[in-house]
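Worksheet: the structure to be examined is printed underneath.
We did not get these values from a lab; they are worked out from the coordinates using the rules stated. Since we're looking at a predicted model, the values are computed, not measured. Glycine also receives a Cβ, built like all others from the backbone with ideal geometry; neighbour counts cover every protein chain displayed.
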Amino acid sequence: MVKASSIILVSADWEKTSSLARRVCEEAAKNLGLPLEERKEDWTFLAKYGAKDEYGGVDIPQVFVKYEDGTVKQVFSRIPLNKAGKPDLVEAIRLLNEAVGKG
C-alpha cells in the first residue's frame, strides 16, 4: 500500500468554512505526523484534482491527501454535518484518517 506523504488544504481567506477545514487538517496532520500544505485559492490545483459540480465549477475549501507515488486523492469538499446540521469536525478528521489509511 502506498503511504501518504502530506495533507493538502486548498482554502480562501474569504470563505468562512476554510477556518474549520484548516482546524481539521492541522489536527489530523499533527496526529498522523504528516506535513500540511495549505494552498490559497489554487484554482488550477482544484481544477485538476478537486470535486466539480455539474457545470465544472469547484468548491472551496477542499481537502486532499498526497501519496508517496505522487497521486493525489480528494477527501472532502465540505465539512460533514452532524444530525443537528452543525459542522462535525470529529467526522471530518475520521474521513481524513481513513484516506491516509489510519482510520
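Computed values, structure above
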quantity: Filtered residue count, region 50-68, keeping only those that are in contact (Cβ under 8 Å) with a residue 24 or more places away in the chain and surrounded by fewer than 17 Cβ atoms within 10 Å (Cβ to Cβ); calculated: 2
quantity: Yes/no for residue 95 being closer than 24 Å to residue 1 by Cα and out of contact with any Asp or Glu (no Cβ under 7 Å at 6 or more places or on another chain); calculated: yes
quantity: Failed item in (1) surrounded by 14 or more Cβ atoms within 10 Å (Cβ to Cβ); (2) touching a residue at least 60 places away in the same chain (Cβ under 8 Å), with residue 71 passing the rest; calculated: (1)
quantity: Residues of region 81-91 classified as surrounded by 15 or more Cβ atoms within 10 Å (Cβ to Cβ) and either hydrophobic (A, V, I, L, M, F, W, C) or in contact with a strand residue (DSSP E or B) (Cβ under 8 Å, 6 or more places away or on another chain) (or both), total; calculated: 3
quantity: Search result, residues across region 12-37 that are under 20 Å from residue 86 (Cα atoms) and among the polar types (S, T, N, Q); calculated: 17, 18, 19
quantity: Spans of strands (runs of 3 or more DSSP E) in region 1-76 with at least 2 residues farther than 18 Å from residue 98 by Cα; calculated: 4-11, 36-40
